[in-house]
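> Just passing along the structure, written as structure tokens.
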Amino acid sequence: MTLSPQEELLHLLHSGADDRTAPDILLRNRYGRAAFDDGLIRFGSCTSSTPSEAQWRFGVDRLVELRDRTLRGESLQSIEHEVYERIRARLRALMPIADESHRLVFTPSGTDAETVFVLLLRARCGREITNILVAPREVGAGSLQAAGGRYFSHHTADGRSVNPGDPVSPALAEVEVRSVEVRDEEGNPLDIAAIDQRVKDCVDEATGRGRLCIIHLVAHGKTGVHAPSLACVEELGARFPQDLVVLVDAAQGRFSRTGMQRALNAGEVFMTTGSKFFGGPSFSGLLVLPRTLFPDSLETVADGLAAYCNSRHLGVDGSDFGVPNPGLLIRWWIALHSIERYYAVPGDFRYALLRHFETTVPAIFSDRKRFAIRTKSVPPYEGTRLLESKQTVFTVTPLRDGHPLREAEVHRLLDRLGRSLPHAGSPSLEEYTALQCRFELGQPVPLGHGRHAVRIAIGGENISQLYDASHHAADSAAAAMQTLSRQLEALCRKLNLLLENLDAY
Ligand SMILES: Cc1ncc(COP(=O)(O)O)c(C=O)c1O
């Protein structure tokens with residue numbers, strides 16, 4: 001039986017990463033994201049977004065291309081090699097990674113990028129590693145294990161069945177993780193000085209035992225956290241030039257190219273994904289690694305590495321290992337398309353939309369009896385950097401009778417937001433319209449004491465789509481801002497109706 005391209009694409013999008021890709025009965029991944037949906041208003045790019053129909057059609061075309069090339073006798077390995085080289089060249093052109101001093105390594109997800117990096121570093125330096133994970137609750141749910149070189153899932157990208165918690169390679173059995181919290185028990189952000197101090201203490205302690213430290217610089221966690229401070233990272237770098245490697249966790253994709261340049265110039269490792277801000281399908285990671293940190297030989301970690309990456313992902317010539325991963329290839333192909341679309345939107349339009357989102361969300365969600373809204377604690381950068389200086393994710397605690405919802409209620413709320421609903425009473429026209437709209441928000445984040453917040457995020461696809469829809473207008477930015485405001489107002493109205501009587505929906 002031959003699958004149609006659509007069926008095969010669906011299968012591939014759900015393959016080649018960890019358990020989170022496995023489809024449920026409605027063919028959605030662990031985050032509830034379907035293969036595509038054109039009727040959704042997407043404000044969930046801090047988790048991942050359901051692809052649009054245009055992205056899906058682009059994926060179908062790539063799948064047909066894959067099939068044609070295979071029928072003409074080309075191997076999947078050689079197609080992967082050619083396509084990843086092309087994606088590398090495009091990313092180098094779009095981002096400040098122009099020269100050859102950095103390697104671009106593709107990983108099945110942001111979480112897997114953690115493990116791949118630990119494997120590569122271990123092979124490079126042969127030292128025992130202490131991995132200092134900052135904001136463990138604000139990165140991937142499996143990041144704590146992944147950063148320790150351990151499986152966090154029952155399956156790996158190459159299809160192995162594994163035990164979560166086991167080391168991915170004997171070479172990593174000694175890796176230890178120190179976590180640095182960024183919130184107190186109440187969920188309130190800790191003072192940046194306290195976070196910096198804890199990081200310094202961890203580095204002092206581990207280097208004192210002769211270990212090599214990785215410190216995570218979280219450049220936008222799930223709720224917008226940036227930590228530790230750049231001053232702290234610079235101070236530690238100067239004190240421990242031989243014993244410290246900085247991994248910038250920009251998995252959210254909410255970074256400016258200026259910020260990325262700073263990191264790469266400083267010799268830091270940069271990690272991002274194509275699946276969050278940029279809006280590609282769920283699960284596609286990228287490591288930008290100084291060549292000086294790339295091992296000469298992969299022998300000591302080859303088996304563990306092959307669970308995640310093949311030689312085409314790593315970009316190593318002359319050796320051919322690891323099974324092809326067509327699912328990841330298609331995901332990255334679609335992600336690149338979205339990244340290119342985003343950067344093709346004029347900078348002043350992007351700037352206007354980002355600023356508009358930042359000021360409009362608090363203005364619309366201003367009812368403090370309904371919404372406890374967190375604005376960013378410490379603006380990380382001032383000035384002209386396009387993304388890092390704006391707030392693109394708002395963490396909102398929905399309140400009922402003044403109290404935060406329980407976890408199950410938050411899930412129900414998110415589920416109902418994603419459906420067109422009939423009104424429980426007699427609606428006004430605005431209420432009727434809002435209930436008809438279907439919204440996608442980010443996954444709930446735990447804030448301690450069983451409380452959960454939801455996240456409202458703007459992503460590259462929102463901006464590209466608003467640009468496409470408005471660029472013929474006399475004042476395209478004004479038209480797009482008006483549409484964005486209307487979408488956010490409808491979201492607020494629907495949330496209010498649901499909070500008034502969640503059980504009725
Ligand atoms: C800051 C950060 N790092 C890492 C990850 C893990 O990325 P992935 O979901 O691709 O595994 C996430 C996921 O939300 C994240 O927000």
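The values are calculated or read from the model by the stated rules, or taken from the named source; none is laboratory data. Predicted, not measured: the structure shown is a model, and the values here were computed from it. No Cβ is skipped: glycine too gets one built from the backbone with ideal geometry, and neighbour counts run over all protein chains shown.
> Return the residues of region 212-232 that are more than 16 Å from the ligand (Cβ to nearest atom) and either closer than 19 Å to Leu144 by Cα or not polar (S, T, N, Q) (or both); say none if nothing qualifies.
Leu212, Cys213, Leu230, Ala231, Cys232
> Report, by residue number, each residue of region 426-479 that is of a type in the set (D, E, K, R) and buried (at least 21 other Cβ atoms within 10 Å of the Cβ).
Glu440, Arg455, Glu461
> Tell me, yes or no, whether region 190-211 has at least one residue that is more than 13 Å from the ligand (Cβ to nearest atom), surrounded by fewer than 17 Cβ atoms within 10 Å (Cβ to Cβ), of a type in the set (Val, Ile, Thr) and in contact (Cβ under 8 Å) with a residue 12 or more places away in the chain.
Scanning region 190-211 turns up no residue that is more than 13 Å from the ligand (Cβ to nearest atom), surrounded by fewer than 17 Cβ atoms within 10 Å (Cβ to Cβ), of a type in the set (Val, Ile, Thr) and in contact (Cβ under 8 Å) with a residue 12 or more places away in the chain.
> Evaluate the following for Ser52: is it touching a Ser or Thr at 6+ places or on another chain (Cβ under 8 Å) and either over 18 Å from Leu414 (Cβ atoms) or among the acidic types (Asp, Glu) (or both)?
It is false that Ser52 is touching a Ser or Thr at 6+ places or on another chain (Cβ under 8 Å) and either over 18 Å from Leu414 (Cβ atoms) or among the acidic types (Asp, Glu) (or both).
> Also, I was wondering about something else. Could you list all residues from region 103-135 that are within 17 Å of the chain's Cα centre (by Cα) and either small (Gly, Ala, Ser) or assigned to a helix (DSSP H, G or I) (or both)?
Residues satisfying the conditions are Ser109, Gly110, Thr111, Asp112, Ala113, Glu114, Thr115, Val116, Phe117, Ala135.
> Oh, and also: Restricting to region 61-94, and then to whatever is in a helix (DSSP H, G or I) and basic (Lys, Arg), can you tell me which residue is surrounded by the most Cβ atoms within 10 Å (Cβ to Cβ)?
Arg62
> Where residues in region 95-115 are among the β-branched types (Val, Ile, Thr) and more than 8 Å from the ligand (Cβ to nearest atom), which of them is surrounded by the fewest Cβ atoms within 10 Å (Cβ to Cβ)? Even if it seems obvious, please write down each step before you answer.
Step one: list which residues in region 95-115 are among the β-branched types (Val, Ile, Thr), which gives 97, 105, 107, 111, 115.
Filter once more, so that each one left must be more than 8 Å from the ligand (Cβ to nearest atom): 97, 105, 107, 115.
Values: Ile97: 20, Val105: 25, Thr107: 26, Thr115: 33.
This residue is Ile97.
> I'd like to check something: does region 53-60 contain any residue that is surrounded by fewer than 21 Cβ atoms within 10 Å (Cβ to Cβ) and in contact with a Pro (Cβ under 6 Å, 6 or more places away or on another chain)?
Residues of region 53-60 that are surrounded by fewer than 21 Cβ atoms within 10 Å (Cβ to Cβ), as a first pass: 53-54, 57-58, 60.
Pick out the ones that are also in contact with a Pro (Cβ under 6 Å, 6 or more places away or on another chain) and you get 60.
Yes: one or more hits.
> Being in a helix (DSSP H, G or I), in contact with a Ser or Thr (Cβ under 7 Å, 6 or more places away or on another chain) and within 16 Å of the ligand (Cβ to nearest atom) is the filter here, so list the residues in region 136-188 that pass it.
Pro136, Glu138, Ser143, Leu144, Ala146
> Of all residues being more than 23 Å from Ile458 (Cβ to Cβ) and not hydroxyl-bearing (Ser, Thr, Tyr) in region 423-434, which is nearest to the chain's Cα centre (by Cα)? Just the residue, please.
Glu431
> Follow-up question, since we're still on this one. So which residues in region 56-74 are over 23 Å from Ser275 (Cβ atoms) and either in contact with a His (Cβ under 9 Å, 6 or more places away or on another chain) or of a type in the set (A, V, I, L, M, F, W, C) (or both), if there are any at all?
Leu71
> Here's another thing I want to ask about it. Considering region 268-287 alone, what residues qualify as being closer than 17 Å to Ala457 by Cβ and more than 7 Å from the ligand (Cβ to nearest atom)?
Passing the criteria: Thr272, Gly274, Phe277, Phe278, Gly279, Gly280, Pro281, Ser282.
> Can you find a residue in region 41-58 that is within 16 Å of the ligand (Cβ to nearest atom), in contact (Cβ under 8 Å) with a residue 24 or more places away in the chain, farther than 30 Å from Cys437 by Cβ and hydrophobic (A, V, I, L, M, F, W, C)?
no
> Further question: Would you mind telling me which numbered condition in (1) more than 17 Å from Pro324 (Cβ to Cβ); (2) under 17 Å from the mean Cα position of the chain (by Cα); (3) outside any helix (DSSP H, G or I) Arg20 fails?
Of the numbered conditions (1) more than 17 Å from Pro324 (Cβ to Cβ); (2) under 17 Å from the mean Cα position of the chain (by Cα); (3) outside any helix (DSSP H, G or I), the odd one out for Arg20 is (3).
Residue by residue, here is whether (1) modelled with pLDDT of 95 or more; (2) within 19 Å of Gly253 (Cα to Cα) holds:
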site: Phe36; (1), (2): no, no
site: Gly39; (1), (2): no, no
site: Arg57; (1), (2): yes, no
site: Arg92; (1), (2): yes, yes
site: Thr130; (1), (2): yes, no
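> From the residues in region 494-503 that are in contact (Cβ under 8 Å) with a residue 12 or more places away in the chain and surrounded by fewer than 20 Cβ atoms within 10 Å (Cβ to Cβ), which one is farthest from Leu417 (Cα to Cα)?
Residue satisfying both the conditions and the ranking: Asn501.
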